[in-house]
Amino acid sequence: MTESIKYPLPTAEREDLEESLGLVWHKRESGVTAAAAVREALTAAGNPSAWDRLVKEKFVTEEGGRAHLTAQGEATAAAVIRRHRLAERLLTDVLHLDRSVIDPNACVFEHILSAEVSESICTLLGHPAECPHGLAIPAGDCCRRHADQLSPIVEPLARMKAGESGRVAYLRLKDHPELHRLMALGLVPGADLKLHQTYPAFVLDLGETQLALEEAVAERIFVRRT
């Protein structure tokens, strides 16, 4: 009973609030801030009264026809988005679930993960900056502390030692000029590799191919040791 009081399950009303704030965040992320467009999106999502509630409870404001998250709205929305995207990383990188089931399950996790569990997952995954879709994961306190009490199971290639093997979990190279070359050579999520040396360059075997990478690139390739 004590634990259920400490970690209460969210009410349906709370879930609706978090879903609405998550949608406002997504719209802003895609460049949509017009209040009318945000209201329309909330209505289309099946919650026509959501906008009025968010304004009434001071989660959003409308200024000059634009929707703005208040400090309270920003903090709540960031926490929801963070939990959802960390769950996506966990389901993808650790549990290797099919893409078709990742988002529906992440939608459940975003409402029930406690702050402590979220921080543990984040640390375990090496404080990922992006979800599997390449969208930013809002940083948590553990990222700012860069807490390493747990040994991360997914780490940058740059932290591996010569002789270690691993499997690529994801690449944080969305805007890096090397991305397409590396992917064409087979350096993609799920690829197995073995690191031979770390200086002056990171040299690794990738199937029948040997690659030499700069440290800046190795820092952006996240690997699960095998």
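The values are calculated or read from the model by the stated rules, or taken from the named source; none is laboratory data. Keep in mind that what you see is a predicted model, and the values were worked out from it rather than measured. Here the Cβ positions follow ideal geometry from the backbone for every residue, glycine too, while neighbour counts run over all protein chains shown.
Scanning the stretch 121-140 for residues being part of a helix (DSSP H, G or I), at pLDDT 90 or above and not β-branched (V, I, T) gives a total of 1.
Just to check your reading of the model, which residue among D98, D103 is surrounded by 12 or more Cβ atoms within 10 Å (Cβ to Cβ) and closer than 27 Å to G190 by Cβ? I'd like the intermediate steps shown before the answer.
Details: D98 fails: surrounded by 12 or more Cβ atoms within 10 Å (Cβ to Cβ).
One residue alone meets the criteria, D103.
Once the stretch 174-226 is narrowed to residues that are touching a Phe, Trp or Tyr at 6+ places or on another chain (Cβ under 6 Å) and part of a strand (DSSP E or B), the residue that is modelled with the lowest pLDDT is F222. The test for being out of contact with any Ser or Thr (no Cβ under 9 Å at 6 or more places or on another chain) and modelled with pLDDT of 95 or more holds for T33.
Test L97 against the criterion of being out of contact with any strand residue (DSSP E or B) (no Cβ under 9 Å at 6 or more places or on another chain), at pLDDT 90 or above and hydrophobic (A, V, I, L, M, F, W, C), and give yes or no. Against the criterion (out of contact with any strand residue (DSSP E or B) (no Cβ under 9 Å at 6 or more places or on another chain), at pLDDT 90 or above and hydrophobic (A, V, I, L, M, F, W, C)), L97 does not qualify. Filter the stretch 197-213 down to residues that are loosely packed, with under 14 Cβ neighbours inside 10 Å and of a type outside the set (A, V, I, L, M) and give me whichever is nearest to L157 (Cα to Cα). Only one residue tops the list, namely Q197.
Note on the stretch 79-132: among residues that are of a type outside the set (A, V, I, L, M) and in contact with a Ser or Thr (Cβ under 7 Å, 6 or more places away or on another chain), the one that is nearest to L69 (Cα to Cα) is R82. Exactly one residue among A41, A45 is buried (at least 18 other Cβ atoms within 10 Å of the Cβ) and of a type in the set (G, A, S), and that residue is A41. Residues in the stretch 24-36 that are touching a residue at least 24 places away in the same chain (Cβ under 8 Å), hydrophobic (A, V, I, L, M, F, W, C) and closer than 15 Å to L69 by Cβ: V24, W25, A34, A35. Residue pairs whose Cβ atoms lie under 9 Å apart, separated by 6 or more positions or on different chains, with the first residue in the stretch 110-122 and polar (S, T, N, Q) and the second at pLDDT below 90, are S114/K6; S114/Y7; S118/C142; S120/C142; S120/Q149; S120/L150. When the stretch 141-167 is limited to residues that are within 17 Å of R225 (Cβ to Cβ), at pLDDT below 90 and hydrophobic (A, V, I, L, M, F, W, C), the one that is surrounded by the most Cβ atoms within 10 Å (Cβ to Cβ) turns out to be V154.
Among residues of the stretch 87-109 that are within 13 Å of Y170 (Cβ to Cβ), those with a Cβ under 7 angstrom from a residue that is surrounded by 15 or more Cβ atoms within 10 Å (Cβ to Cβ) and among the aromatic types (F, W, Y), sequence gap 6+ or separate chain, pair up as D93/Y170. If the condition is being surrounded by 15 or more Cβ atoms within 10 Å (Cβ to Cβ) and of a type in the set (S, T, Y), then the stretch 106-140 contributes S118, S120, T123.
The set of residues in the stretch 6-22 being surrounded by fewer than 19 Cβ atoms within 10 Å (Cβ to Cβ) and among the hydrophobic types (A, V, I, L, M, F, W, C) consists of L9, A12.
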